[in-house]
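In what follows, a structure is listed as structure tokens, so that the remarks can point back to it.
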Amino acid sequence: MNEKTEDLRRKRVGLRPIDGMDRKILGALVDNADISYAQLGEKVGLSPPAVHERVRRLKEAGTLVRSSAIVHGPAVGKPLLAFVHVDTKGWGKSSQLMQISNHPEVEEIHSVSGDTCMLLKVRTRDTHDLESLLAYLYAIPTVTATRTYVVLSTYLERTVQAEMTENWPDMETLAARFSGASPPEAA
């Protein structure tokens, strides 16, 4: 694991629980990180100083990691989005493989379970650049295979959401919902 991930895991252990107001604040910041404390306070029903204090505590606790701009890939010449599964000999992460993070086309690197070792989210100018990135991966001695999934359309792409689903529907309700039948009556 890289040091950044290790640091996040250590911080997570000491996180204070967040309440509904924290979730509202985080949700508003996800929608617009440029919002002022006064506007944020109006949105969530707190005074600007109270919102400022909560945001400060969320940052100190490691819950609010940073604010960042979301850049539209095609607007910066990177319209091709793909996910690359990388198979390796032994444990997936190696210093050679992690050097791929030096390329700005690589947006995310994840160690995963399942039928692959690593999952990369990449955004390139065209298929030629994607092919070059794949050639780079295959030059790494521990890489044995890749599977690339080129995105045709994106229906949802977002950052981590603070809200949580508290009550997932049970299997009978789901089956009825998706089959068009009436949901079962509550007992």
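The values are calculated or read from the model by the stated rules, or taken from the named source; none is laboratory data. Not measured: the values here are computed from a predicted model. Note that we place each Cβ from the backbone using ideal geometry, even for glycine, and neighbour counts take in every protein chain shown.
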Exercise. Looking for whichever is under 25 Å from H72 (Cα atoms), in the same structural domain as S94 (by TED's automatic domain parsing), hydroxyl-bearing (S, T, Y) and in contact (Cβ under 8 Å) with a residue 24 or more places away in the chain here; the options are T146, T124, T116. Which one fits?
Key: T124
Self-check item: Scope the stretch 26-77; condition basic (K, R) and under 19 Å from the mean Cα position of the chain (by Cα); matching residues
Solution: K59, R66
Quiz item: If the Cβ limit is 9 Å and pairs must be 6+ apart or interchain, which residue in the stretch 61-85 that is over 30 Å from V51 (Cβ atoms) pairs with which residue that is among the hydrophobic types (A, V, I, L, M, F, W, C) and assigned to a helix (DSSP H, G or I)?
Solution: L80/L130; A82/L130; A82/L133; V84/L130; V84/L133; V84/L134; V84/L137
Practice problem: Go through (1) within 24 Å of the chain's Cα centre (by Cα); (2) at negative phi and name the single condition G114 misses. | Solution: (2)
Quiz item: Is it the case that A38 is outside the structural domain of L120 (by TED's automatic domain parsing) and at pLDDT 95 or above?
Solution: yes
Quiz item: Only one of these conditions is not met by I109: (1) surrounded by 14 or more Cβ atoms within 10 Å (Cβ to Cβ); (2) touching a residue at least 24 places away in the same chain (Cβ under 8 Å). Which number is it?
Solution: (2)
Quiz item: Of all the helices (runs of 4 or more DSSP H) wholly in the stretch 23-138, which have at least 2 residues that are more than 30 Å from T165 (Cα to Cα)?
Solution: 95-98, 127-138
